[in-house]
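Scroll down for the structure; my scribbles are underneath it.
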Amino acid sequence: MKRDRLLSEMKLHDPNPRVLVADDAPDILEALRLLLKGEGFAVETVSSPEGVLKELDKREFDALLLDLNYARDTTSGSEGLDLLARLQSMDSTLPVVVMTAWSSVEVAVEAMRRGARDFIQKPWDNARLLAIIRTQVELSRALREGQKLEAENQLLRSGPLPALAPKSPAMQSVLDVIRRVAPSDASVLVIGEHGTGKEVIAQTIHRLSRRAGSSIVAVNAGGIPEGVFESELFGHVKGAFTDAKADRVGRFELASGGTLFLDEVANVPLSQQAKLLRAIESGEVQRVGSSKTYRVDVRLISATNADLHEDVAAGRFREDLLFRLNTIEIHLPPLRDRREDILPLALNFLSRHAQRYEKPLSGFDFAAEQALKTYTWPGNIRELNHTVERAVLMSQGSVVSAADLGLRAVHTSALRLEDLPLESVEKALIQKALDRYHGNISQAAQALGLSRSALYRRLERHEIRTSDE
Ligand SMILES: Nc1ncnc2c1ncn2[C@@H]1O[C@H](COP(=O)(O)OP(=O)(O)OP(=O)(O)O)[C@@H](O)[C@H]1O
Ligand SMILES: [Mg+2]
């Protein structure tokens, strides 16, 4: 992650390759600094191996030009050589070019063996030194870019965040769309009821995109008063209005290089929609109170639970803006339309909360599972999460019961046995007997007309956990 962040910083803010030069002779440092600077490199200089480590900690470099001989030990080059091994383990993509006295070819060879990419003998030839540095910078950029792509591909291959765990066909096709559109810069509009995971989807798209190394910056259009909307989005300069005590960068600029997430986009005031459209179309923003324009490079993801097409028809939302936002529309189905996902999500939340509250809970009992699956979940995933959290807190056994969930109106009694496959009917009846006898196996077995061992076998087969386990 750190590498990704640094990479994008390098690309965005630092078109000039940055070179770190280490040598303990001030005149050599100065000569190299002037030479490299004159050729468009950004140069930092240090005079010791420790200085190198400190500088590398601070920022990313495209190349390191390292003298091997330092004052304490001028001939063996061991200080520089020791450093090489460390550098290699810190960041193997940083190209190191070593400098040695003209007579010490063996040291140069040893340095290459320890990971240096090339060497230069002192006194150096300017043209050759520049050629070597340029080549190494190019190579390392390609290498780092390759690694970044590889990391992204791995993310794509390994699929979505584990928590998405979609079992339902509806969500599987949503994820399929996400995988296909995430790497592009296409604008995505995510539509869904409250709590369906629109923000989670926006984050996932960003993480799977080429911009993953940069930020995703959110603007909640529902939470910003109309009066400050423009300044929030585009920034302002000092004195632009009474409260503008200092310059302020807007969200658009902050997101440059990354993704701008316009949450609750239906709430963007009509008066601001034209400005938003202009910024998107021109790729430029102006801070409030200034005529200077700044170039921005953002990918847009928006979310809403409103019907924007209806808002357009009613004159509340500009159609041209909608068409800029919805190159791809993703409709997130409510939880009640993807019941296959309920249990995996619930188990996920269960293990998370059980760990957090240090409760030894291993799952839901049968009635609880049925209650989860049949409830309508008007608050969708958010409500499911809260329900499970509350149940974890309430629970006193080793599994969460239907009573712990406290969902209104749905209990085992509401289960229509004729709607269930035979296997589930057996499971339900066993669970009911266990509930009735408070988990007492002997009594439950007797009530079911089974021997204890026969009941145990069935408990195992149905993966029913009893509270006295
Ligand atoms: N696939 C998922 N796996 C695990 N948790 C999820 C998933 N999707 C959503 N959540 C959780 O559900 C809650 C609601 O998700 P989110 O905030 O993304 O929904 P939303 O659609 O943006 O809701 P709203 O319309 O209210 O803003 C969050 O706590 C989120 O972490
Ligand atoms: Mg949201």
Relative contact order, percent, the chain [alpha-carbon distance under 8 Å, six or more residues apart]: 11 percent
Under Karplus coefficients 6.51, -1.76 and 1.60, residue-wise ³J(HN,Hα) of region 86-92 in Hz, glycine/proline x: 5, 4, 4, 7, 6, 7, 6
Amide hydrogen neighbours beyond the local backbone of Ile216, cut-off 5 Å, H modeled: Thr259
HN-Hα J in Hz across region 431-448 - Karplus 6.51, -1.76, 1.60, θ = phi - 60°, x for Gly and Pro: 4, 4, 4, 5, 4, 4, 9, 6, x, 6, 5, 4, 5, 5, 4, 4, 4, 8
Mean-position separation - Cα centroids, region 203-247 and region 306-328, in angstrom: 21 Å
Burial ordering of His236, His331, His353, fewest other beta-carbon atoms within 10 Å first: His331, His353, His236
Helix-only [θ]222 nm of the chain, DSSP H runs n ≥ 4, -39500 (n - 2.57) each, per residue, nearest 500: -15000 deg cm²/dmol
Environment charge at Val21 (Cβ cut-off 9 Å; Lys +1, Arg +1, Asp -1, Glu -1): -2
Using alpha-carbon coordinates, inclination of helix 270-282 to the longest axis of the chain, degrees: 50 degrees
Amide H contacts of Val296 (H built 1.01 Å from N, under 5 Å, at least 5 apart or other chain): Glu284, Val285
Label-point separation, Arg113 to Ala454 (7 Å along Cα→Cβ), nm: 7.8 nm
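Dipole magnitude of region 224-298 about its Cα centre, charges +1 at Lys/Arg Cβ and -1 at Asp/Glu Cβ only, in debye to the nearest 20? Could you put the intermediate results ahead of the total?
Numbers: 9 positive and 11 negative charges, 68 e Å.
It comes to approximately 320 debye.
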Of Lys167/Lys198; Lys167/Lys373; Lys198/Lys359; Lys373/Lys432; Lys37/Lys292; Lys373/Lys427, pairs whose Cα-Cα distance is over 21 Å: Lys198/Lys359; Lys37/Lys292
Estimated distance in nm for a label pair at Asp57 and Gln396, the labels positioned 7 Å out from Cα along Cα-to-Cβ: 5.4 nm
Per-pair calculated FRET efficiency, R0 = 30 Å: Arg339 and Ser442 via Cβ, rounded to 0.05: 0.25
Dipole-positive endmost among Gln446, Leu189, Val298 within the chain (Cβ charges, Cα centre): Gln446
FRET E, pair Lys238, Leu175, Förster distance 51 Å, beta-carbon r, rounded to 0.05: 0.65
Sequence of Val43, Val181, Val190 once ranked by neighbouring C-beta atoms within 10 Å, starting from the fewest: Val181, Val43, Val190
Cα long-axis angle, helix 380-394 against the chain (0 to 90 degrees, to the nearest 10): 70 degrees
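Counting other beta carbons within 10 Å of each Cβ, put Trp377, Trp124 in order, fewest first.
By the 10 Å Cβ count, ascending, the order reads Trp124, Trp377.
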Rounded to 10°, Cα long-axis angle of helix 169-181 versus longest principal axis of the chain: 10 degrees
Label-point separation, Ala313 to Gln121 (7 Å along Cα→Cβ), nm: 8.2 nm
Karplus-derived 3J(HN,Hα), 6.51/-1.76/1.60, for each residue of region 197-205, Hz, glycine and proline x: x, 5, 5, 4, 5, 4, 4, 5, 4
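Values quoted throughout were computed directly from the atomic coordinates according to the rules given, and no laboratory measurement underlies them. Quantities reported herein were computed from a predicted structural model and do not represent experimental measurements. Glycine gets a Cβ as well: all are built from the backbone with ideal geometry, and neighbour counts include every protein chain shown.
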